[in-house]
Amino acid sequence: MLNDAHLSDLLGTSIETVVDLCARHSWTLHRALTSDGQQIFVKTAADCAPVFAAEAAGLRWLAAETESSPVAEVLAVDDRIIVLPWLAPQAPTVDAARRFGRELATMHSRSAEFFGAGWNGYIADIPLDNTRSGQRWGQWYAERRLLPYLRIGHQHLDPAEVRLVEKIIASIDALAGPEEPPARIHGDLWSGNLLWSAGRGVLIDPAAHAGHRETDLAMLALFGNDHLDNILDGYTETVPLAEGWRARIPLHQLHPLLVHLVLFGGRYRRALVRAANAALRAG
């Protein structure tokens with residue numbers, strides 16, 4: 001449950017009302033109204049949650065060095081609470097989707113020196129290895145995004161399916177496509193982490209790091225997005241994508257599918273095997 005006094009101390013203002021929304025993973029979600037009339041979104045945990053520090057670091061890093069970023073502002077954070085503005089939901093329009101595509105492309109174009117990030121990462125409440133490295137993206141992706149979650153989730157696969165993913169890891173340089181510089185990516189960009197409000201798309205709940213920009217687009221496609229075509233139109237008119245990027249979508253989807261295998265078990269087994277086979281065929 002949300003501790004109103006703790007939240008008030010963190011924000012430096014009193015809290016008028018709190019509405020409990022739901023629980024997700026190991027935290028609870030709330031909407032609150034401050035005494036100065038600001039509506040806010042609050043995520044809180046009963047115990048210390050280093051995931052909040054990672055989330056705040058990621059949001060601030062994604063928003064840095066730009067005047068127009070599609071990223072929610074961090075109002076306050078500590079080891080038990082993270083506070084963002086309340087984003088009143090709005091049905092997305094074609095213009096809003098295209099605008100988001102342009103802003104996402106601009107965010108991706110702000111490259112980083114190394115793959116990874118300068119903080120310990122999380123995806124949901126699972127640790128995410130953000131060790132920075134100057135190696136090729138394919139090797140970094142295989143070592144930091146595929147192999148760790150295959151080791152944790154392998155019990156949900158049969159031996160032949162484990163070998164299938166291991167084959168992709170062994171063949172990663174042939175599958176990864178043209179080399180690109182590290183891009184600032186959201187890292188967990190499914191449709192639930194893209195909110196539509198005030199005529200634009202806004203990103204929340206990142207697993208942010210310097211990675212491959214195709215990863216964000218593949219994640220948007222993974223669980224469906226009714227406005228993906230318009231997002232892509234805005235994206236590609238701002239920054240073109242490398243030849244063959246669509247064929248590499250299953251490769252980039254392997255990491256989130258492995259994470260879902262770890263979180264939710266065998267229900268994601270078939271999707272993972274389909275993506276693995278498609279990635280090999282594309283290569």
Read through the list (1) surrounded by fewer than 24 Cβ atoms within 10 Å (Cβ to Cβ); (2) touching a residue at least 40 places away in the same chain (Cβ under 8 Å); (3) of a type outside the set (S, T, N, Q); (4) in a loop (DSSP other than H, G, I, E, B), then give the number of the only condition that PRO240 fails. (2)
Those residues of segment 1-18 which are exposed (fewer than 12 other Cβ atoms within 10 Å of the Cβ) and among the aliphatic types (A, V, I, L, M) amount to MET1, ALA5
Using the structure shown, decide if ARG136 is within 25 Å of GLY283 (Cα to Cα) and either open to solvent by 20 Å² or more (accessible area, probe 1.4 Å) or without any contact (Cβ under 8 Å) to a residue 12 or more places away in the chain (or both). yes
Exception for LYS167 within (1) under 24 Å from GLY283 (Cβ atoms); (2) touching a helix residue (DSSP H, G or I) at 6+ places or on another chain (Cβ under 9 Å); (3) surrounded by 16 or more Cβ atoms within 10 Å (Cβ to Cβ) falls at (3)
May I ask you to list the residues in segment 38-80 that are under 14 Å from LEU7 (Cβ atoms), crowded, with 22+ Cβ neighbours inside 10 Å and more than 17 Å from the chain's Cα centre (by Cα)? VAL42
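Test HIS260 against the stated conditions and say whether it is without any contact (Cβ under 8 Å) to a residue 24 or more places away in the chain, open to solvent by less than 40 Å² (accessible area, probe 1.4 Å) and within 18 Å of the chain's Cα centre (by Cα). It would help to see each step written out before you state the result.
Values: without any contact (Cβ under 8 Å) to a residue 24 or more places away in the chain: yes; open to solvent by less than 40 Å² (accessible area, probe 1.4 Å): yes; within 18 Å of the chain's Cα centre (by Cα): yes.
Against the criterion (without any contact (Cβ under 8 Å) to a residue 24 or more places away in the chain, open to solvent by less than 40 Å² (accessible area, probe 1.4 Å) and within 18 Å of the chain's Cα centre (by Cα)), HIS260 qualifies.
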Out of ARG269, ARG246, I need the residue that is of a type in the set (D, E, K, R) and over 22 Å from THR106 (Cα atoms). Which one? ARG269
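Mind checking which strands (runs of 3 or more DSSP E) fall wholly inside segment 5-71 and carry at least 1 residues that are touching a His at 6+ places or on another chain (Cβ under 9 Å)?
Hits in segment 5-71: 15-24, 39-44.
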Within segment 196-218, track down each residue that is buried (at least 24 other Cβ atoms within 10 Å of the Cβ) and assigned to a strand (DSSP E or B). LEU203, HIS209, ALA210, GLY211
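The values are calculated or read from the model by the stated rules, or taken from the named source; none is laboratory data. Note that the coordinates shown come from a computational prediction; the quantities given were computed from them, not determined experimentally. Because the Cβ atoms are built from the backbone with ideal geometry, glycine has one as well, and the counts that use them run over all protein chains shown. The area values use the complete protein model at the heavy-atom level, side chains included, leaving out ligands, DNA and RNA. Shrake-Rupley method; radii C 1.70, N 1.55, O 1.52, S 1.80 Å.
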